[in-house]
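Each value in this text was obtained by applying a stated rule to the coordinates, not by laboratory testing. Because the structure is a prediction, the values reported are computed rather than measured. Here the Cβ positions follow ideal geometry from the backbone for every residue, glycine too, while neighbour counts run over all protein chains shown.
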Amino acid sequence: MTERKILLAENEMPDRWYNILPDLPEPLPPPLHPATREPLSPDDLKPLFPMELIKQEMSDERFIKIPEEVLEIYRQWRPTPLIRAEKLEEYLKTPARIYYKYEGVSPPGSHKPNTAVAQAYYNMKEGVERLTTETGAGQWGSALCFATSLFGMKCTVYMVRVSYNQKPYRRIMMETWGGEVIPSPSNRTESGKRMLEKDPDSPGSLGIAISEAVEDAVKNEDTKYSLGSVLNHVLLHQTIIGLEAKKQLEKVDEKPDLIIGCVGGGSNFSGLAYPFVKQAEKDGTRIVAVEPSACPTLTAGEYTYDYGDTVGLTPLIKMYTLGHDFIPPPIHAGGLRYHGDAPTLSLLVAKKKIEAVAVNQIPTFEAGLIFARTEGIIPAPESNHAVRVVIDEALKAKEAGEEKVILFGLSGHGYFDLSAYDAFISGELKNANG
Ligand SMILES: *Cc1c(COP(=O)(O)O)cnc(C)c1O
């Protein structure tokens, strides 16, 4: 019998992030300048990011020290608990042992402040007064507004219009932390205006909102841009999740056979999985990324150079992509509606170090309800994608009579997504792909 809730003491919290770049199976194809198509130089990124983050983006150091000021803020909710899902195991009658790393305990309710706090900190140190960003479901925007408020900075958030309309509480949260929230596409930028001319009723997409946020940052001297996923430095900051989980599993003498997480741009998934990747083959660990079938980037996209945004202002990055003009249907897991994926994750999937599966919306909510009724926590719709595959794998283990150890990322809670649960419970929810 192991402990149900595996905690780390404050002084056991990792004080370094793990950078996977030096451990990739082959060098990462470089990002290219959008105009010249030449490999990007650090200077090209200066209008967008502070120098320290640009360094991290290209660093070949395996471990990077977390600044004391950032650790201090992390300690408000970190180390996060690793919980054995005993009630879910009982319900499924599976011999699998299921552990979840719960990131919903942060003030904004997801893993996103792990990088938001670090990014706001480095920008503040270099004298930046305002950050711009995009947000889908609102989790990233709220994480960044939380972080900027801690350092006395301003924050402008371009929020995908469909989410702006579906999720007023996330907007209110951002405004409570002092942020300015603009539904995207908007009339504030040339990129937004161009989209509105084409389609005045555009539901928006992360790609369009990124174009707007980038344009706003580039046009204003005291302002820089912040991205909540995809980039190397973002994934780097999220590795605190997996570094903690590794220590926690060691405490109860367990090694994961299977690591599962949901993927939008890849940050929570990579944060959990990357510290295990190097050892995975040797340990026989399977690592599985789960995405929505409405936006099947890793499973149906092409591995090629593409823009990170819709208009084509960002560097070209080699990644799995559905095309930069792809606008996914408005599913409730707003945080998973992105046309691309992190370049390191894309490379690891292309090299078959990491598996990918796509799941439909209704089965994810079925899984979320089972989880809520056994474990008590109502997961974010994004996290439900991981829960779905965890349940499927636990049932397979039952059929095979295998004592598998499953580790998964519960990236956030769903307390601001209750209208999505309402739609599911009342039978109004639809699968995006029929
Ligand atoms: C944003 C978000 C995601 C998706 O983003 P990633 O960068 O892929 O992690 C997943 N879960 C939650 C709760 C989120 O807020």
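Please work out the C-alpha center-to-center distance from the stretch 230-268 to the stretch 39-92 and express it in whole Å. With the stretch 230-268 and the stretch 39-92 each reduced to a Cα centre, they are spaced 10 Å.
Using packing as a proxy for protection, rank 125-134, 331-340 so that the peptide with the highest average count of other Cβ atoms within 10 Å comes first. Before the final figure, lay out each step's value.
On the way: 125-134: 20.5, 331-340: 27.5.
The most tightly packed comes first, giving 331-340, 125-134.
Assign one of three labels to the stretch 380-426, namely rounded, prolate or oblate, based on the Cα gyration tensor with a ≥ b ≥ c the square roots of its eigenvalues; rounded applies when a/c is under 1.5, prolate when it is not and a/b is larger than b/c, and oblate otherwise. The shape class here is oblate.
Around the amide H of ILE287, modelled in the peptide plane, lie the amide H atoms of ILE259, GLU355, all under 5 Å away and 5 or more residues distant in sequence or on another chain. Normalised by 2.2 N^0.38 Å, where N is the number of residues, the C-alpha radius of gyration of the chain stands at 0.91.
Stokes-Einstein, applied to the Kirkwood radius of the stretch 290-434 over Cα pairs at a viscosity of 1.306 mPa s and 10 °C, places its translational diffusion at 97 µm² s⁻¹.
Only helical runs count toward this figure. For the chain, summing -39,500 (n - 2.57) over DSSP H runs of n ≥ 4 and dividing by all residues gives -12000 deg cm²/dmol at 222 nm.
For the stretch 188-274, the Kirkwood hydrodynamic radius from C-alpha pairs, put into Stokes-Einstein at 25 °C and a viscosity of 0.890 mPa s, yields a diffusion coefficient of 156 µm² per second. With contacts taken as Cα pairs under 8 Å and at least 6 residues apart, the chain reaches a relative contact order of 20 percent.
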